[in-house]
1. Take the alpha carbon gyration tensor of the range 79-147, find the square roots of its eigenvalues, order them as a ≥ b ≥ c, and report rounded if a/c is under 1.5; if not, report prolate when a/b exceeds b/c, else oblate.
2. Roughly what % of DSSP beta bridges within the range 1-94 run antiparallel, to the nearest 5?
3. Please list, in chain and number order, the residues 5+ apart from ASP49 or on another chain whose amide H is under 5 Å from its amide H, with Hs placed from the backbone.
4. Could you name the lysines whose alpha carbon sits less than 25 Å from that of LYS25, not counting residues in the same chain fewer than 8 places away?
5. What lysines sit close enough to LYS186 to cross-link, taking a C-alpha to C-alpha distance under 19 Å and skipping anything fewer than 8 places away on the same chain?
6. Order by neighbour count: LYS186, LYS242, fewest other Cβ atoms within 10 Å first, most last.
7. Between ASP237 and TRP153, 0.36 nm times their residue separation minus their Cα-Cα distance comes to what?
8. Amide H neighbours of GLY130 under 5 Å, at least 5 residues apart or on other chains, H built in the peptide plane: list them.
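What follows is calculated from the coordinates using simple rules that are stated; it is not laboratory data. Keep in mind that this is a model prediction, so the values were computed, not measured. Here Cβ is always computed from backbone atoms with ideal geometry, including for glycine, and neighbour counts include all displayed protein chains.
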Amino acid sequence: MRITIPTTGSRGDVQPIVALALGLKAAGHELRLAVPPNFESFVRDRNLDYFRIEDNAERLAKSEPGFDMAGADNPVAFVRHFVRLHAPLMERAMANCLQACHGSDLILATTPTFFLAQAVAEKLHLPMCGAYLQPIALSRHQPNFLYPELPAWLPGVGIYNLVTHALSGEFLWQYARPALNRARRKVLGLPSLPFLGPPIRYFTSEPMLHGYSSAVVPKPSDWGQDNRVTGYWFLDDGDNFKPPRELTDFLAGRRRFTWDSVACRIVTRRRRPRWSWVRCGKLGCAVYCSAAGAAWPQILLATICWF
C-alpha cells in the first residue's frame, strides 16, 4: 500500500510521524512524508520518500505570528494565532499536498494538516486515517486537549467534555474557513464547506491512531474500535545514535537520572513567563514548570528523577 503522511510543525511534531512511517515501511508499505524543507535530510537519511509541503518550520516559529501562538494564554488565542501563521500559506500548501498524495492508496492526516488532508482525500477519492499525537476523538469522558479537565464528581462533566471538543473545532474552523474554502475552490475545484463547518461525519467516520500511551491517558470507554491508542511512536536509531559531547560530559559528572521532556514553549518577546519548581517528596523528583498566563495550564518542561 502506498501511504502519504502530510504534516507540519516543529521537530516534536515531525519525529513521531517519521517513527510511525518507519514502522509502516517495515510492515511492507510504501511511505511518503510531506513535511517542511528543514526536515528533508531528517526524512531522506532514513530512506523515506520526501516531499515539500510548506515553508521552513523554524522560520515560521520565529515569525511574529509564531511568537504570538507560542505565547497564547488561552485556547482561543492559540487557535487564532495558529491560523494567522498558516492561512497565508494555505493555497500553496494545498497544492503541494495534492501533488504529494497523487498515486497514493491512503492518506494519514495529522493534527496540523487535518483540513488539508481531508480536502485532498475528497478530491482524489482516497481513504483517510487520522494519526494524532493527542487525544482527538470526541468523548464524554475526556475534554479536548486544549481545555482543563474537571473533577469527575462535578455534575455535567460529560456535557462539558463534549462542549470542549465542539468549541475547539468551531474556533479552528471559523478562523481557518476563509483561507481553507478559498484554497478548496481555487486549488482543488471543490465547493466551499458550510459556514458552521464540515459535517460531523468528517470527524467520526474515519479511523484514528493516537500515538501515546494508554498508561498516560487511558482510552475513554466511549471510543469505538476505530479509535486506537497505539503507544508512543519513538524513533529508535539504535547503534547509529551518538550523543553530543556536552551531554556525555554532563552525565559523567552527575548522579544518574531520567529526563522526560514533555513539552517546550517559546518565550515571546512581549510576555515574560513565570517559572517555578514543584517538589514531589513521595516520588523524589523535582518538576520545572512554566506558565505564560493564568488562564493557560502550566506546561511541564522537564521531570528529573534522582535514583
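1. Details: a/c = 3.07, a/b = 1.34, b/c = 2.30.
Because a/c hits 1.5 or more and a/b fails to exceed b/c, the range 79-147 counts as oblate.
2. So the antiparallel bridges amount to about 0 percent of the total.
3. LEU31, LEU33
4. Cα-Cα hits under 25 Å: LYS242.
5. Qualifying lysines at Cα under 19 Å: LYS123.
6. The order, fewest Cβ neighbours first, is LYS242, LYS186.
7. Details: separation 84, 0.36 × 84 = 30.24 nm, distance 4.47 nm.
Between ASP237 and TRP153, full extension yields 25.8 nm more.
8. Long-range HN contacts for GLY130: ALA109, MET208, LEU209.
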